[in-house]
């Protein structure tokens, strides 16, 4: 993955405006559509990647096209490479040591929290679960040594809190083996 890739996220309050935003973003710039889907409760999420200028233009175009329907938007200019597989559920985690969890009120805030967390400490992202079956909330799970997990959760949570969208967080130093099995 190119280290200069940016990630753009828009969350919209309704599906029709979300589809319009996704189409607008794809047409406005040379971006890759990572995700364009309805999420709970009747919202729509669009995630694109590409170079910073293209992603900026795509997000700006979506905001103009879907004026009044935007819930949240975000551009991460130099997204960590671990964020992409965590979003798509394709991480290759063999072992969970300590477990960190960050819960947010929006998908965009979870993605920036995950990016901040993975840049702050030597941890592995397990998953970034985006508003499906969770009433529009989002969840970041991560693992590593206890100290690294605490540092990552603190950093990621602070970012979400600054956006006013942190719901809760948790660090479990030694999760039960049954819980670990359900997370991988």
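Before moving on, here are some points about what is shown:
- Within the set 162, 178, the sole residue that is under 21 Å from the mean Cα position of the chain (by Cα) and farther than 21 Å from residue 84 by Cα turns out to be 162.
- Given (1) crowded, with 20+ Cβ neighbours inside 10 Å; (2) under 11 Å from the mean Cα position of the chain (by Cα), index of the condition residue 59 fails: (2)
- Subset of region 20-35 (residues that are touching a strand residue (DSSP E or B) at 6+ places or on another chain (Cβ under 7 Å) and closer than 21 Å to residue 88 by Cα): 21, 22, 25, 26, 30, 31, 32, 33, 34, 35
- Residue match in region 163-180 (condition: at pLDDT 95 or above, surrounded by fewer than 19 Cβ atoms within 10 Å (Cβ to Cβ) and either in the same structural domain as residue 12 (by TED's automatic domain parsing) or assigned to a helix (DSSP H, G or I) (or both)): no
- The residue that is farthest from the chain's Cα centre (by Cα), among those in region 139-156 that are crowded, with 24+ Cβ neighbours inside 10 Å and assigned to a helix (DSSP H, G or I), is 149.
The values are calculated or read from the model by the stated rules, or taken from the named source; none is laboratory data. As the structure is a computational prediction, the values presented were derived from the model and not from experiment. Ideal geometry is used to build each Cβ from the backbone, glycine not excepted, and the neighbour counts take in all protein chains shown.
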